[in-house]
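Here the structure is laid out as C-alpha cells; the discussion comes afterwards.
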Amino acid sequence: MFILNIDNYHNIYHYNIPSLLEIYNILHFITILLNSNSNILRIPYCSNNILLHNPKGIDSNLIIKNLEDYFMNQIGKNYYEQNELWKQSLIEDSYKNRVENLNVHNYDGHIQEHKELRSLNNSKLVDFILHPLHSTKDYIECSKLLFNVFKRLEENTNKPNYLNDYIIPIIADWPGQVNIRRAITLRINEGVKSGIPQQILNLIPMIDPLHISLNSRKTLFQTYHFFFEKLYHNLFEEKKVLSQKLKQTIINLILDLTFFV
C-alpha cells in the first residue's frame, strides 16, 4: 500500500547574511513523498459499486448528524469538567511520557527514541520542486506530477496503473485537507470541464493526530499571544521578544509551563 504526503518546506529558520541585492534569501519548496508498506493491504477504489467519495461533496446533513450524535457529547463539557479530566490525566501520566510529549515535534536526528520512526527506508521521493504551496491550483499541479510518475511506470513495466484499481491515502495538514478536498469536489461536480485529472478521486485526504495537535496548539498560541507574551516576560526577561511564529517545541514548552503556573 502507498501513503502520500505533499507538504511545503522552507529555509526561513536559516541564518541569512544580507547582500547588496537582497536582505534575505527565503526559498519555498514542495516535497512529494510516497511511503510504501507491504504489511498494509491495498484499498480498492470501488467496492461493491460504491464509490469512496460522497457524490454530494460537502454533505451538510451528514455533518449535522455527526455533530449532534458524537461531537456535542465531547465538546458539551464545561471548562471545570474538562479541566478536572486534564488534571487527572496529568497526575496519572509519568514524567517520561510528559517529556516525550514535549519532544514529539522535535525533529533533531540526535534523539535516539525517534530514529526508527523517522526512518526514510520505505519512502520514495517523487519530486522536490521550488514552488509555493498555497492554493488549490498548487495542490492539483503537485498531484499531476504524481500521476505522471505512475503513468511512466505503467508504460515502462507494462503493469496495470496502480491508480486504476486502488486508492492512495494522503496525510496532510489543514490547508492540504481543504485544498485537496476542494479539488475532489470540483472534479465530482464539473467532471472533465474542471480540468482536474480523474485520478484525483483516487486520493483520500486524511488528517492525522500529529497535525491535529500541531494546528490546535499553534492556533491557541497565536490567538492568545498577548497572554503568553506577558507570561514569557514574567518568567524570563522583559526585553525578551516572543515571536508569533515559534518552533513547535517552544510552543509546547510554553503551553506546558502555562498549565502548571
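Just one residue in the set 163, 145 is touching a helix residue (DSSP H, G or I) at 6+ places or on another chain (Cβ under 7 Å) and not small (Gly, Ala, Ser); that residue is 163.
Note on the stretch 195-204: residues that are surrounded by fewer than 13 Cβ atoms within 10 Å (Cβ to Cβ) and of a type in the set (S, T, N, Q) amount to 1. Out of 186, 125, 90, 145, one residue alone is part of a helix (DSSP H, G or I), farther than 30 Å from residue 54 by Cα and either at pLDDT 75 or above or open to solvent by less than 80 Å² (accessible area, probe 1.4 Å) (or both). It is 90. For the stretch 162-170, does any single residue satisfy the condition of being under 16 Å from the mean Cα position of the chain (by Cα), farther than 19 Å from residue 43 by Cβ and open to solvent by less than 30 Å² (accessible area, probe 1.4 Å)? For the stretch 162-170, residues under 16 Å from the mean Cα position of the chain (by Cα), farther than 19 Å from residue 43 by Cβ and open to solvent by less than 30 Å² (accessible area, probe 1.4 Å): absent.
All of 156, 202 fail the test of being under 24 Å from residue 123 (Cβ atoms) and either among the hydrophobic types (A, V, I, L, M, F, W, C) or at pLDDT 80 or above (or both), apart from 202. For the stretch 205-233, a residue qualifies if it is surrounded by fewer than 16 Cβ atoms within 10 Å (Cβ to Cβ) and touching a strand residue (DSSP E or B) at 6+ places or on another chain (Cβ under 7 Å), and the qualifying residues are 206, 208. Among the residues of the stretch 243-261 satisfying the criterion of being outside any loop (DSSP other than H, G, I, E, B) and loosely packed, with under 12 Cβ neighbours inside 10 Å, which is nearest to the chain's Cα centre (by Cα)? Per the stated criteria, the residue is 259.
Selection of the stretch 172-183 for residues being buried (at least 20 other Cβ atoms within 10 Å of the Cβ) and farther than 16 Å from residue 54 by Cβ yields 172, 176, 179.
Of the residues making up the stretch 148-162, those that are on the phi < 0 side of the Ramachandran plot and either assigned to a loop (DSSP other than H, G, I, E, B) or among the charged types (D, E, K, R) (or both) are 151, 152, 154, 155, 159, 160, 161. The residues on offer are 210, 242, 214, 201, and the sole one that is touching a residue at least 12 places away in the same chain (Cβ under 8 Å) and more than 30 Å from residue 3 (Cβ to Cβ) is 242.
Within the stretch 225-242, can one find any residue that is within 30 Å of residue 182 (Cβ to Cβ) and not in a loop (DSSP other than H, G, I, E, B)? Yes, the stretch 225-242 contains at least one residue that is within 30 Å of residue 182 (Cβ to Cβ) and not in a loop (DSSP other than H, G, I, E, B).
The values are calculated or read from the model by the stated rules, or taken from the named source; none is laboratory data. None of these values were measured; they are calculated from a predicted model. Note that each Cβ is placed from the backbone with ideal geometry, even for glycine, and that neighbours are counted across all protein chains shown. Areas reflect the complete protein model, heavy atoms only, side chains present, ligands, DNA and RNA absent. Shrake-Rupley method; radii C 1.70, N 1.55, O 1.52, S 1.80 Å.
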